[in-house]
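> First the structure, which I've put down as structure tokens, then a few questions once you've had a look.
The values are calculated or read from the model by the stated rules, or taken from the named source; none is laboratory data. Bear in mind the structure is a predicted one, so any value in this text is a computation, not a measurement. Using ideal geometry, Cβ is built from the backbone for each residue, glycine included, and neighbour counts are taken over all protein chains shown.
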Amino acid sequence: MDFASMPIWAVLAGLVGLAFAFYFASSVLKESPGNARMQEISLAIQEGAMAFLNRQYKTLIPFVIIIFIILTFLKSWQTAVSFLVGALLSAVAGYVGMGITTRANARTTEAARTSLNKALGVSFRAGAVMGLSVNGLGLIGVAALFLWFQDAETINSFAFGASAIALFARVGGGIYTKAADVGADLVGKVEAGIPEDDPRNPAVIADNVGDNVGDTAGMGADLFESYAATTIAAMLIGAVAFQSVGSGAPGLMLPLMIGVAGMLSSIIASFFVRTGENANPQTALNKGLWGTNLLTAIASYAIVQLMITEPVRVSETLTLTPNNIFIAIICGLVVNILIGLLTEYYTSNQKAPSQAIAKASETGAATNIIQGLATGMKSTALPVIVICVATYVSFAVAGIFGIAMAAMAMLSTAGMVVAIDSFGPVADNAGGIAEMAELEPEVRKTTDKLDSVGNTTAAVAKGFAIGSAALTALALFNAYSELAHLDRIDILVPTTIIGLFIGAALPFLFSAFAMEAVGKAAFEMIGEVRRQFREIPGLMEGKAKPDYRACVDISTKAAIRQMIVPGLLAIGSPILVGFLLGKDALGGMLAGGTVSGLLMAIFMANAGGAWDNAKKYVEAGNLGGKGTPTHAAAVIGDTVGDPFKDTAGPSLNALIKVMGTISLIIAPFLI
């Protein structure tokens, strides 16, 4: 088999993904953007989102240049170029996704005036642009760099470039969106008693901008990073596992070809997303997700059988066969599905955990928060068991390479996962535009159906991101062990124990900085919203227009200012531990950080999602509905959960992956 041509096929598959992203974008832009008022609101959201991205990336340019120079002198120009390409492609994916979702919001609102199915189609196709761009650019980046440099170790800095951008995108976007959301909810809903997305609320545009920078650009950068890191780690591990077969080419190329399978499967399954007027949009989106996993499994079986033509003896106890590797791939796809189902159970307003939080709101905010914390803590157990079982089975059948292939299989479906995640902000914005443009109530009912599903899909995507981050971290850890010549970690060695404790403590410290940043930014936002309600005559009566731009500016400045410290903490810690305490201590740090970060991320994401949907359960007319003390308590719980699920929790994915990618780069210096 001609393994040398496989990177070319991977590049071509990535280009096909980008071509379909362009096709979906074109089809969305052909839809009507609605009346003049709808277009005005949509343009304000678009300008705010792009202004934030521009300032964020301008802030990161000096950081990227410094790292580029350091890598050039300490490693090689090839390593530095790989880092730069990773950072640039991550930024490009963010711009592409943000550009289409902020243009699709008013078009979704206008489509909702016709039918639910048409509104779902517009919003999902907009999300698919982001999903296929992330997948396509990731596949092109890794394959093209490997074609150029012919060395997987050299290009692992591509993942570092992607992870550095993703870290700041996650933290900065999370701070932005939650500062706006908290300010809009606490002053608007609780103090002023006005509906969500009411045009009188000065923070409402910033809130809608935040949905895009958090769940579109942030999630896209997160999974772009995971995709790049997992692919390169799997290639490194595969090259070692298949050393007995010439240059290890089957192991090097198999991760790329599984990526091709996932890319093409996501494209095909995107056409499965259809629904009727009385159908549940969640079912339609599930068809796309399940279809992607099924098609990826079928294609992966064929690929493995074609590429691994004979058993490969890795050690005295392990022989790699096509069937064994396929079992490992299935493990990753099963994790994909089960993590999604578990996340949906713990966060959906149709399920018992979220409804229990709503019920607890009847006795006040304190009991709401207690129940929400308990729900988040309980939600960690089953996902961890799923990941543990998948890790055990994939390792048992195919060793370390099996774990890497399980992670690769999971990430290969990122195109569809990002698509259904990015659908959420479009639907949310569409509802806001319907409210602010004062359209007929039936339109808001249609967009609310999509928005409710969007909350669940966002939670499912966060669960996917967390689960994939765990498997990615395991793959990175094993790749680090290979490069650092680390056979095992001895926890009886004091430096290893120190590294373990430092790693376990990092997610707590990192989360604290992120939560404090939201609190500080929200404080400024609340003060501004109160000032406008107090000082602008006729605002509450709807006779005056609020200053939306002032709130957008507050969120932007606060996010840029507050994202620096958590980012530097994540990047600097592995370097300090590695060079001061050695490779064993850094191994301990990676282990501690992965376990602690995984548990914290699941806890925070699921607790936040459950709080959010508990509020929506009350707002749907249950337990007294809007305007009651129960609703006020549920809003406060949701406000606490906002930075949990949209800032600190998702940012932990980036933290544990940044630790792994940096460790890969410095590993040769620690031998």
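> Could you check the stretch 594-618 and list, in sequence order, the residues that are crowded, with 24+ Cβ neighbours inside 10 Å, farther than 13 Å from T456 by Cα and over 18 Å from the mean Cα position of the chain (by Cα)?
K615, V618 - these are the residues of the stretch 594-618 that are crowded, with 24+ Cβ neighbours inside 10 Å, farther than 13 Å from T456 by Cα and over 18 Å from the mean Cα position of the chain (by Cα).
> On to the next question. Looking only at the stretch 20-40, count how many residues are in a helix (DSSP H, G or I) and either among the basic types (K, R) or within 18 Å of V122 (Cα to Cα) (or both).
13
> To continue, here is another question. Kindly indicate the residue of the stretch 203-222 that is in a helix (DSSP H, G or I) and among the small types (G, A, S) and also modelled with the lowest pLDDT among those meeting that condition.
Top of the filtered list is G214.
> Against the definition (part of a helix (DSSP H, G or I), at pLDDT 85 or above, more than 30 Å from E110 (Cα to Cα) and under 25 Å from the mean Cα position of the chain (by Cα)), how does G17 come out, yes or no?
In short, no.
> Need pairs with beta-carbon distance below 9 Å; first residue touching a residue at least 60 places away in the same chain (Cβ under 8 Å) and within the stretch 617-632, second among the β-branched types (V, I, T) and in a loop (DSSP other than H, G, I, E, B); sequence gap 6+ or separate chains.
Hits for this filter: V618/T628.
> So, in the stretch 574-628, of the ones that are of a type outside the set (V, I, T) and assigned to a loop (DSSP other than H, G, I, E, B), which residue ends up modelled with the highest pLDDT?
Among those that are of a type outside the set (V, I, T) and assigned to a loop (DSSP other than H, G, I, E, B), it is G582.
> For T647, indicate whether it is in contact with a helix residue (DSSP H, G or I) (Cβ under 6 Å, 6 or more places away or on another chain), buried (at least 24 other Cβ atoms within 10 Å of the Cβ) and farther than 30 Å from A484 by Cα.
Spelling it out, T647 is indeed in contact with a helix residue (DSSP H, G or I) (Cβ under 6 Å, 6 or more places away or on another chain), buried (at least 24 other Cβ atoms within 10 Å of the Cβ) and farther than 30 Å from A484 by Cα.
> Any idea which residue in the stretch 112-122 is modelled with the lowest pLDDT, counting only those that are touching a Ser or Thr at 6+ places or on another chain (Cβ under 8 Å) and crowded, with 20+ Cβ neighbours inside 10 Å?
Checked the stretch 112-122; the qualifying residue modelled with the lowest pLDDT is L116.
> State whether one or more residues within the stretch 292-302 are of a type in the set (S, T, Y) and outside any helix (DSSP H, G or I).
Looking for residues that are of a type in the set (S, T, Y) and outside any helix (DSSP H, G or I), one finds none in the stretch 292-302, hence no.
> Here's something else I'd like to know. Which residue, of T154, T177, is in contact (Cβ under 8 Å) with a residue 60 or more places away in the chain and outside any loop (DSSP other than H, G, I, E, B)?
Going through T154, T177 in turn, the sole match is T177.
> For residues in the stretch 72-83 being of a type outside the set (S, T, N, Q) and more than 12 Å from I155 (Cβ to Cβ), which is surrounded by the fewest Cβ atoms within 10 Å (Cβ to Cβ)?
Looking at residues that are of a type outside the set (S, T, N, Q) and more than 12 Å from I155 (Cβ to Cβ), I get F73.
> For A479, state whether it is surrounded by fewer than 22 Cβ atoms within 10 Å (Cβ to Cβ) and modelled with pLDDT of 80 or more.
No; evaluated as a whole, the condition is false for this residue.
> Separate question: From L411, L486, L439, grab the single residue that is within 28 Å of E153 (Cβ to Cβ) and surrounded by fewer than 24 Cβ atoms within 10 Å (Cβ to Cβ).
That would be L486, the only listed residue that is within 28 Å of E153 (Cβ to Cβ) and surrounded by fewer than 24 Cβ atoms within 10 Å (Cβ to Cβ).
> Here is a further query. Any idea which of (1) closer than 30 Å to A119 by Cα; (2) under 27 Å from the mean Cα position of the chain (by Cα) is the one A10 doesn't satisfy?
(1)
> Now a separate question. Restricting attention to the stretch 233-253, does a residue exist that is touching a Lys or Arg at 6+ places or on another chain (Cβ under 9 Å), modelled with pLDDT of 80 or more, crowded, with 24+ Cβ neighbours inside 10 Å and not in a loop (DSSP other than H, G, I, E, B)?
Among the residues of the stretch 233-253, not one is touching a Lys or Arg at 6+ places or on another chain (Cβ under 9 Å), modelled with pLDDT of 80 or more, crowded, with 24+ Cβ neighbours inside 10 Å and not in a loop (DSSP other than H, G, I, E, B), which makes the answer no.
> Looking only at residues that are over 22 Å from the mean Cα position of the chain (by Cα) and of a type in the set (F, W, Y) in the stretch 50-101, which one is modelled with the lowest pLDDT?
F63
> Now for a separate question. Going residue by residue through the stretch 187-194, is there one that turns out to be basic (K, R) and at pLDDT 75 or above?
Among the residues of the stretch 187-194, not one is basic (K, R) and at pLDDT 75 or above, which makes the answer no.
> Further, regarding this structure: Could you tell me which residue of the stretch 384-399 is modelled with the highest pLDDT, considering only residues that are buried (at least 24 other Cβ atoms within 10 Å of the Cβ) and not polar (S, T, N, Q)?
A390
> For the stretch 130-144, how many residues meet the condition of being closer than 15 Å to L84 by Cβ and small (G, A, S)?
Total meeting the criteria: 2.
> How many of the residues in the stretch 489-533 are in a helix (DSSP H, G or I) and either at positive phi or among the aliphatic types (A, V, I, L, M) (or both)?
Here the count works out to 18.
> Would you mind stating whether K359 is of a type in the set (K, R) and free of Cβ contacts under 8 Å to residues at least 40 places away in the same chain?
Against the criterion (of a type in the set (K, R) and free of Cβ contacts under 8 Å to residues at least 40 places away in the same chain), K359 does not qualify.
> A further question on this structure: Contact list please: Cβ distance under 8 Å, first residue in the stretch 396-407 and of a type in the set (G, A, S), second residue not in a helix (DSSP H, G or I), pairs at least six apart or on different chains.
Close Cβ pairs (under 8 Å, with a partner that is not in a helix (DSSP H, G or I)) amount to A398/L318; A398/L320; G399/V314; G399/S315; G399/L318; G399/L320.
> Also: Would you pick out the residues in the stretch 348-366 that are farther than 15 Å from E619 by Cβ and either assigned to a helix (DSSP H, G or I) or at pLDDT 90 or above (or both)?
A352, P353, A356, A360, T363, G364, A365, A366 - these are the residues of the stretch 348-366 that are farther than 15 Å from E619 by Cβ and either assigned to a helix (DSSP H, G or I) or at pLDDT 90 or above (or both).
> Can you find, within the stretch 270-305, the residue that is farthest from the chain's Cα centre (by Cα) among those that are modelled with pLDDT under 90, surrounded by fewer than 18 Cβ atoms within 10 Å (Cβ to Cβ) and among the hydrophobic types (A, V, I, L, M, F, W, C)?
Looking at residues that are modelled with pLDDT under 90, surrounded by fewer than 18 Cβ atoms within 10 Å (Cβ to Cβ) and among the hydrophobic types (A, V, I, L, M, F, W, C), I get A279.
> When you go through (1) surrounded by fewer than 18 Cβ atoms within 10 Å (Cβ to Cβ); (2) touching a residue at least 12 places away in the same chain (Cβ under 8 Å) one by one for L60, which number turns out not to apply?
(1)
> Among (1) in a helix (DSSP H, G or I); (2) within 16 Å of I420 (Cα to Cα); (3) in contact with a helix residue (DSSP H, G or I) (Cβ under 8 Å, 6 or more places away or on another chain), there is one condition E225 misses while meeting the rest; what is its number?
Tallying (1) in a helix (DSSP H, G or I); (2) within 16 Å of I420 (Cα to Cα); (3) in contact with a helix residue (DSSP H, G or I) (Cβ under 8 Å, 6 or more places away or on another chain), E225 fails exactly one: (2).
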